[in-house]
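Trainee: Quick one: structure below, then a few questions.
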Amino acid sequence: MSCPTASPRPYVLLSCATSIDGYIDDASDQRLLLSNEDDLDRVDAVRAGCDAILVGAATVRRDDPRLLVRSASRRTERLARGRPASPTKVTLTARGDLDPTARFFTAGDSTRLVYCASGALDKTRERVGALATVVDGGEPVDLGWILADLAARGVRRLMVEGGGTVHAQFLTAGLADELHLVVAPFFVGDRRAPRFVGEGTFPWHPGRRARLAEARPIGDVVLLRYALSDRCPDD
């Protein structure tokens, strides 16, 4: 694991949808739909404006996301600007437990990057090395180093789509610039279900409140956009 060429870290935008009581899913085997179609289109537009999308390995296993720009017109616009149709896909893994048939690896033609803990490097390369670039991310995986490596690869804007553990890691490390939090109009009410983030020491607390940059109803959900650094614009 060598040190990447020094460059400013990417702008980091966290995106998450929760229930009113802060859950990102329920405890069933089916994925809980929290957003509506209008909000999903908004998320697609945000994706189209980013260079890379990052999720944790647990999200790859549980949700099997495609992580592609859905809109044909947005893909065409990206191609016209000399960019790939969809952003680079990025995941993090501590153990290398990734399924090579997951849509992260099989859907679309995006570049795929897997940052793994040093101890899982051989296992990860054996499982998915033919489908993605596997990078030694340190032991444990070092988010600051990963952001520097992404910047060296040309990533200027990074969208982080979860799950809760990954969001908490970026937030507690103070490595997030902006948070898009969508609140769905119902409760989950099941302690077995995963929450947005768990316990941790966060830079924002009663003595240092995050700045609310925008609050916008989108159908029956509401988008809360929080500025988490001075890099976040007001609009």
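Trainee: Once the cut-off is 21 Å, how many percent of the Cα-Cα pairs in region 37-166 end up in the long-distance tail? Write down the numbers at each step before the final one.
Mentor: On the way: 3109 of 8385 pairs.
More than 21 Å apart: 37 percent of the Cα pairs in region 37-166.
Trainee: If you don't mind, another one. Could you tell me which of rounded, prolate or oblate describes region 173-235, using a ≥ b ≥ c as the square roots of the eigenvalues of the alpha-carbon gyration tensor, with rounded for a/c under 1.5 and, failing that, prolate when a/b is larger than b/c and oblate otherwise? Write down the numbers at each step before the final one.
Mentor: Working: a/c = 2.49, a/b = 1.18, b/c = 2.10.
Oblate, since a/c reaches 1.5 and b/c is not below a/b.
Trainee: Using DSSP to call loops (not H, G, I, E or B), can you name the trypsin sites (Lys or Arg not before Pro) in region 158-209 whose Cβ has at most 13 other Cβ atoms within 10 angstrom?
Mentor: Passing sites in region 158-209 are ARG191, ARG192, ARG209.
Trainee: Say each of THR101 and PHE186 gets a label point 7 Å from the Cα, pointing the same way as Cα to Cβ; how far apart are those two points in nm?
Mentor: Each label point lies 7 Å from its Cα, and together they span 3.1 nm.
Trainee: Here's another thing I want to ask about it. Over region 117-235, what is the relative contact order in whole percent, taking alpha-carbon pairs under 8 Å and six or more residues apart?
Mentor: 23
Trainee: So what is the accessible area of region 151-228 per residue, in Å², with the probe set to 1.4 Å? Write out the running numbers ahead of the final one.
Mentor: Details: 4160 Å² over 78 residues.
Each residue of region 151-228 exposes 53 Å² on average to a 1.4 Å probe.
Trainee: Identify the trypsin sites (Lys or Arg not before Pro) of region 68-139 meeting these criteria: DSSP loop state and at most 15 other C-beta atoms within 10 Å of the C-beta.
Mentor: On the way: sites: ARG70, ARG74, ARG75, ARG78, ARG81, LYS89, ARG95, ARG103, ARG112, LYS123, ARG125, ARG127; in loops: ARG70, ARG81, ARG95.
The qualifying sites are ARG70, ARG81, ARG95.
Trainee: Could you work out the relative contact order of the chain, using alpha carbon pairs under 8 angstrom and six or more residues apart, expressed as a whole percent? Mind showing how you got there, number by number?
Mentor: On the way: 477 pairs, mean separation 70.9, N = 235.
Once normalised by length, the contact order is 30 percent.
Trainee: Enter the mean projected area of the convex hull around the alpha-carbon atoms of region 105-224, in nm², rounded to one decimal. Display every interim value, and only then the final one.
Mentor: Working: hull surface 42.1 nm².
Its Cα hull, projected and averaged over all orientations, spans 10.5 nm².
Trainee: For the chain, give me the percentage of DSSP beta bridges that are antiparallel, rounded to the nearest 5 percent. Please report the intermediate quantities before stating the final value.
Mentor: On the way: 15 of 42 bridges.
Rounded to the nearest five, the antiparallel share is 35 percent.
Trainee: Over region 160-229, what relative contact order in percent results from Cα pairs under 8 Å that are six or more residues apart?
Mentor: Values: 88 pairs, mean separation 29.5, N = 70.
Relative CO of region 160-229 lands at 42 percent.
Trainee: Quantify, in whole percent, the carbon and sulfur part of the accessible surface of the chain (1.4 Å probe; protein heavy atoms only). Could the numbers behind the result be given before it?
Mentor: Details: 5830 of 11590 Å².
About 50 percent, which is the carbon plus sulfur part of the accessible surface.
Trainee: Given the -39500 (n - 2.57) contribution per DSSP H run of 4+ residues, what per-residue ellipticity at 222 nm results for the chain, rounded to the nearest 500 deg cm²/dmol? Show your work: numbers first, answer last.
Mentor: Details: 7 runs with 59 residues, N = 235.
Per the formula, -7000 deg cm²/dmol.
Trainee: Please give me the summed charge of the neighbours of ALA120: other residues whose Cβ is under 12 Å from its Cβ, Lys and Arg +1, Asp and Glu -1. Please report the intermediate quantities before stating the final value.
Mentor: Values: positive: ARG95, LYS123, ARG125, ARG127; negative: ASP97, ASP122, GLU126, ASP136, GLU139.
Surrounding charge for ALA120 is -1.
Trainee: Something else about it: With the Cα gyration tensor of the chain in hand, give its eigenvalues times 5 under a square root as the equivalent ellipsoid semi-axes, listed largest first in whole angstrom. Show your work: numbers first, answer last.
Mentor: Values: eigenvalues 135, 84, 80 Å².
Those come to 26, 20, 20 Å.
The values are calculated or read from the model by the stated rules, or taken from the named source; none is laboratory data. Treat the numbers as computed from the prediction; the structure is a model and nothing was measured. In this analysis, Cβ positions are derived from the backbone assuming ideal geometry, glycine residues included, and neighbour counts consider all displayed protein chains. Each accessible area value is taken on the protein alone, full model and side chains, heavy atoms only, with ligands, DNA and RNA left out. Shrake-Rupley method; radii C 1.70, N 1.55, O 1.52, S 1.80 Å.
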